[in-house]
Amino acid sequence: MGHDDGLATLELAFPGPERDRGVAAILSGRKTALTGLLESYEHAEEAVPVAGQRFAVLDSDGRPAVTIELVDVRVVPMKEIDDDFARAEGRGYSGVAEWRAAHEEFFRSEGVSGYLRRTPVIDGDTLVVAQRFRVVEPDDAGGR
């Protein structure tokens, strides 16, 4: 279908309701930030993304739902995430305490542990990849 224009793909969480909510939040403009566990990039032998990179965000069926462009990427300990970033995640977090509780739970989940083949230690010093992005409109994607 001409979707494969060489764009890297990005998958939020795992397929299902959690991913569907994340994709919907991006499409509505509520979600302009996302957080990845640095250890999962290292495990996958993937480079940490950089500002300017574009990704096709996949839906739960593995189809491209929206294209985003990273505008800011920082590797920081979890304790350095602030309320502003937490709210930019678009999940309705009132502030960083809710963000942190949700991310600690997710990073310790069976899905992540199964992927890493161990349960990661998650605390204030755990390094995360904090990414801010913008949605790239289809006619802004440089070609069809």
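The values are calculated or read from the model by the stated rules, or taken from the named source; none is laboratory data. In this text, all values refer to a predicted model and were calculated from it rather than measured experimentally. Here Cβ is always computed from backbone atoms with ideal geometry, including for glycine, and neighbour counts include all displayed protein chains. Ligands, DNA and RNA are stripped out before the accessible areas are found, and what is left, the full protein with its side chains, is counted by its heavy atoms. Shrake-Rupley method; radii C 1.70, N 1.55, O 1.52, S 1.80 Å.
List the residues whose amide H sits under 5 Å from the amide H of GLN53, counting only those 5 or more places along or on another chain, with H placed 1.01 Å from N in the peptide plane.
The list, which skips near neighbours in sequence, is LEU70.
At 1.4 Å probe size, put ARG74, ARG132, ARG117, ARG21 in order of accessible surface, largest to smallest.
Listed by decreasing accessible area, they come as ARG117, ARG21, ARG74, ARG132.
How charged is the neighbourhood of VAL48? Take every other residue with its Cβ under 12 Å from the Cβ of VAL48, and add Lys/Arg as +1 and Asp/Glu as -1.
Taking every Cβ under 12 Å from that of VAL48, the sum is -3.
Helix 96-107 against the longest principal axis of the chain: what's the angle in degrees, Cα atoms only, rounded to the nearest 10?
For 96-107 against the chain, the angle is about 80 degrees.
Just to confirm a number: summing +1 for Lys and Arg and -1 for Asp and Glu over residues other than LEU12 whose beta-carbon lies under 12 angstrom from that of LEU12, what do you get?
-1
In a Gaussian network model over the chain where Cα atoms closer than 10 Å are linked, find which of GLY124, GLY114, GLY52 has the largest mean-square fluctuation.
Result for the chain, Cα springs under 10 Å: GLY114 fluctuates most.
Could you state the per residue volume, in Å³, of the convex hull enclosing the Cα atoms of the range 1-141?
Dividing the Cα hull volume of the range 1-141 by its residues yields 110 Å³.
Let me cross-check LEU34: its accessible surface, 1.4 Å probe, with only protein heavy atoms counted, in Å² to the nearest 10?
10 Å²
Calculate the dipole size of the chain relative to its Cα centre from +1 charges on Lys and Arg beta carbons and -1 charges on Asp and Glu beta carbons; express the result in debye to the nearest 20.
Dipole of the chain, to the nearest 20 debye: 180 debye.
Determine the share of the chain's accessible area contributed by carbon and sulfur atoms, expressed in whole percent, with a 1.4 angstrom probe.
49 percent
What net charge do the residues around ILE122 carry, taking every other residue with its C-beta under 10 Å from that of ILE122, with Lys and Arg at +1 and Asp and Glu at -1?
Every neighbour counted, the sum reads -3.
Averaging sequence separations of C-alpha pairs under 8 Å and six or more residues apart, then dividing by the length of the range 51-136, give the relative contact order as a whole percent.
37 percent
Indicate the gyration tensor shape class of the range 62-109 (rounded, prolate or oblate), computed on the Cα atoms with a ≥ b ≥ c the square roots of the eigenvalues: a/c under 1.5 is rounded; otherwise a/b larger than b/c is prolate and the rest oblate.
The shape class here is prolate.
As a test question: what accessible area, to the nearest 10 Å², does GLU104 have when a 1.4 Å probe is rolled over all protein chains in place?
About 40 Å², rounded to the nearest 10.
Rank HIS43, HIS103 by accessible area, highest first, at a 1.4 Å probe radius?
HIS43, HIS103
Counting only heavy atoms of the protein chains, get the accessible area per residue of the range 29-109 (1.4 Å probe) and round it to a whole Å² value.
50 Å²
Could you give me the ³J(HN,Hα) list for the range 72-82, computed from phi with Karplus coefficients 6.51, -1.76, 1.60 and θ = phi - 60°, whole Hz, x at Gly and Pro?
After applying 6.51 cos²θ - 1.76 cosθ + 1.60, I find 7, 9, 9, 9, 9, x, 3, 5, 8, 5, 10 Hz.
Given H placed on each backbone N at 1.01 Å, which residues far from ASP59 in sequence or on other chains put an amide H within less than 5 Å of it?
ALA65
Hey, what did the chain get for relative contact order, percent, Cα under 8 Å, at least 6 apart?
Taking the mean separation of contacting Cα pairs over the length of the chain, I get 31 percent.
Of PHE106, PHE85, which has the most accessible area and how do the rest follow, probe 1.4 Å?
My answer, sorted largest first, is PHE106, PHE85.
In terms of modelled amide H atoms, which long-range or inter-chain residues lie less than 5 Å from the amide H of VAL128?
LEU38, VAL76, MET78
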